[in-house]
Amino acid sequence: MSKNPINQSGAKAEEKFENCLREHNFTYKKHPIPPQKANGSKSKLKIDFIVDLADGNRMLIEISNQNEQGTANEKLPHKFAKYVRIYEEDIYLVRGKKPLPKEVKISLNDACRIYSMDYKKPIRYFDVTMEEMLDILKGNNPVNNSLRDFFG
């Protein structure tokens with residue numbers, strides 16, 4: 001494990017989330033190998049989790065666990081864009097207790113608009129805490145894109 005406290009926090013959050021997935025008997029892949037693109041290229045960037053749902057769908061989940069302001073939040077729109085180009089699906093961004101900064105949300109919303117046009121289907125991000133993500137996976141009311149935080 002890295003000696004960087006931020007990386008250690010992220011690794012601990014991934015471990016905690018994985019333990020919850022196991023506890024609730026979810027089928028998942030951790031850091032799966034990304035699919036190969038039509039041009040034969042593969043990304044080295046691996047999303048944290050892909051969770052299989054009972055209805056045959058899946059959820060792509062990235063754990064950031066950022067509890068302070070900093071560059072990790074600023075990198076999220078770029079990471080989100082890479083994941084969308086790889087998977088062409090919605091991405092759940094699991095954060096720490098602190099809401100994402102307004103500028104980060106603006107960039108994420110801009111990326112969603114662009115990729116929704118590119119892929120001719122809605123592409124969304126969901127900004128959730130770990131507790132909210134677990135509630136969603138358990139079938140409780142899904143959380144909409146955090147526009148309530150954006151305007152709040």
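The values are calculated or read from the model by the stated rules, or taken from the named source; none is laboratory data. Computed from a predicted structure; not experimentally measured. Note that we place each Cβ from the backbone using ideal geometry, even for glycine, and neighbour counts take in every protein chain shown. Surface areas here come from the heavy atoms of the whole protein model, side chains and all, with no ligands, DNA or RNA. Shrake-Rupley method; radii C 1.70, N 1.55, O 1.52, S 1.80 Å.
Results for (1) charged (D, E, K, R); (2) at pLDDT below 90; (3) in a loop (DSSP other than H, G, I, E, B); (4) surrounded by fewer than 17 Cβ atoms within 10 Å (Cβ to Cβ), shown as yes or no for each residue.
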{"residue": "50", "(1), (2), (3), (4)": "no, no, no, no"}
{"residue": "65", "(1), (2), (3), (4)": "no, yes, yes, no"}
{"residue": "68", "(1), (2), (3), (4)": "yes, yes, yes, yes"}
{"residue": "126", "(1), (2), (3), (4)": "no, no, no, no"}
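Table: residues versus (1) closer than 23 Å to residue 31 by Cα; (2) out of contact with any strand residue (DSSP E or B) (no Cβ under 9 Å at 6 or more places or on another chain).
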site: 85; (1), (2): yes, yes
site: 89; (1), (2): yes, no
site: 93; (1), (2): yes, no
site: 97; (1), (2): no, no
site: 103; (1), (2): no, yes
site: 107; (1), (2): no, yes
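For residues in segment 86-113 being part of a helix (DSSP H, G or I) and either open to solvent by 90 Å² or more (accessible area, probe 1.4 Å) or of a type in the set (Ser, Thr, Tyr) (or both), which is farthest from residue 74 (Cα to Cα)?
Kept after step one, since they are part of a helix (DSSP H, G or I), are these residues of segment 86-113: 86-87, 102-113.
Now narrow it down to the ones that are either open to solvent by 90 Å² or more (accessible area, probe 1.4 Å) or of a type in the set (Ser, Thr, Tyr) (or both): 87, 102-103, 107, 113.
Numbers: 87: 21, 102: 11, 103: 8, 107: 9, 113: 19 Å.
Looking at the filtered set, the residue picked out is 87.
May I ask you to list the residues in segment 16-33 that are of a type in the set (Val, Ile, Thr) and over 18 Å from residue 45 (Cβ atoms)?
The answer is 27, and nothing else.
Would you confirm whether or not segment 135-144 contains a residue that is at pLDDT below 95, in contact with a strand residue (DSSP E or B) (Cβ under 7 Å, 6 or more places away or on another chain), on the phi < 0 side of the Ramachandran plot and not β-branched (Val, Ile, Thr)?
yes
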